[in-house]
Amino acid sequence: MTQQRWFHRRGELARGQWQTVVDGRIDGWAHTGLRVAELDGGSVELEPGVEKLVVPLAGSFVVETQGESYELAGRASVFDGPTDVLYVGTAEAARVSGTGRVAVATSPTERSLPNRFIPAEQTPVELRGSGASSRQVHNFGTPQALEAARFIVCEVITPSENWSSYPPHKHDEHVPEHESRLEEIYYFESAPTRTSEGVPAESAFGMFSTYSSPAGEIDINARVQTGDVALVPYGYHGPAVAAPGYDLYYLNVMAGPDAERVWNISDDPAHAWVRASWEGQPFDERLPYESTKE
């Protein structure tokens, strides 16, 4: 039952033009939102009342706000390096048009900040972990890269056979300077590796796990594919594992009830020792994943 409540296959959260809608209409969900749409020259409307971060997943888009127009060059896929993104403040509506797949991270807030365009070349790229736990993080919506009212947004690329979101960790208690209260969205995509020629895209998958903490009961052990969504209101989450032959991607959106916008985590004590084992191991030589455009 807890997996059915918090894990959703592609299309299960569809609404109108959107393939996926996560917002406060989901029981027990309050601080973060996500919308994903496939466009073929059409457009979708974004309403005021929430702060918004427009993230091209595949393709290029134009975002029109009140008196301004922004071109997001985008990328071929989420495994093709960083992308341009656009922050749209709470007070503004917007229209997104173009061709491809686009995600919009949101968080309800009364605080309105100016719009901000972040080009791909200015996106902070972090290599995290080491060895088989190497992964690539694009920190375009973290406190260090973007002034926002509430949310923290980033994306993670996990190469084939690697583990990420590991060791399992949580952020469901307010412990100043040690742990934050943040609900979290995981939006997944998966694809055959660049060397896996002729493999159907729909075959690609990874695995994802979340389990209970003192803050609440949750149990997700799922085979994840493109378009699937995991909601983590509390609990230890991880690992996210890329199956052999397939790369795994996820977009994370986090926000919580506390005023401070910070990502502080507590590892599961049973597995925290793993971090020390990474010392001296090299990063995966396949990273970083970059654009294939010449």
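Computed from the coordinates by the stated procedures, all read-outs in this text should not be read as laboratory data. Everything numeric in this text was worked out from a predicted model, so none of it was measured. Ideal geometry is used to build each Cβ from the backbone, glycine not excepted, and the neighbour counts take in all protein chains shown.
Remarks
- Summed side-chain charge close to Arg286 - residues other than Arg286 whose Cβ falls under 13 Å, Lys, Arg +1, Asp, Glu -1: -3
- Neighbour-count ranking [beta-carbon atoms within 10 angstrom, fewest first] of Arg101, Arg116: Arg116, Arg101
- Fewest-first sequence of Thr123, Thr195 by Cβ atoms within 10 Å of each Cβ: Thr195, Thr123
- Taking the centroid of alpha carbons for each part, region 209-233 and region 106-185 are 17 Å apart.
- Across region 210-236, the residues whose backbone nitrogen lies under 20 Å from the label position 7 Å along the beta-carbon direction of Glu173 are 210-219, 232-236.
- For the chain, the average shadow cast by the Cα convex hull is 15.0 nm², which is a quarter of the hull's surface.
- Distance between the 7 Å Cα→Cβ label points at Glu47 and Asp219: 3.6 nm.
- Projecting the Cα atoms of Pro48, Ser291, Phe140 onto the dipole axis of the chain, where Lys and Arg carry +1 and Asp and Glu carry -1 at the beta carbon, places Pro48 farthest toward the positive end.
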